[in-house]
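Derivation of every value follows stated rules applied to the coordinates shown; laboratory data play no part. Fair warning: this is a prediction, and the values are worked out from it, not measured in the lab. Please note: Cβ atoms are built from the backbone with ideal geometry, for glycine as well, and neighbour counts cover all protein chains shown.
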Amino acid sequence: MITLSEVVNNEEVQALVQGAQKQLNSLGYTEHSSRHVGIVSKRAGEILEALGYPKERVELAKIAGYLHDIGNCVNRKDHAHSGAILAYNILKDVRNECK
């Protein structure tokens, strides 16, 4: 199973989070850097844990929270769609590295 640690330490993910922040800075948005995605990740995990979900689901929620804004490096509008495509490819590669 892919872990949050593997995602956070992935160089491509780090570059996308930094790129998203640069894009949002230029548009005048508030902070959306690794601090923001770290908070979202932590809270998503806490919510699922409090609801009694299995550890695997809690870990997936943390990963989703961490990756939720990476699409902003492409465009603010529809960033969820761009982010989903980026995340899919990253997670597929991370999973293949684990094998």
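Can you tell me how many residues in the stretch 1-33 are within 11 Å of the chain's Cα centre (by Cα), free of Cβ contacts under 8 Å to residues at least 24 places away in the same chain and farther than 16 Å from ARG76 by Cβ?
1
Restricting to the stretch 59-95, count the residues that are aromatic (Phe, Trp, Tyr) and in contact (Cβ under 8 Å) with a residue 40 or more places away in the chain.
1
What are the residues in the stretch 20-62 that are out of contact with any helix residue (DSSP H, G or I) (no Cβ under 7 Å at 6 or more places or on another chain), closer than 20 Å to SER82 by Cα and among the aliphatic types (A, V, I, L, M), if any?
Hits for the stretch 20-62 are LEU27, LEU60.
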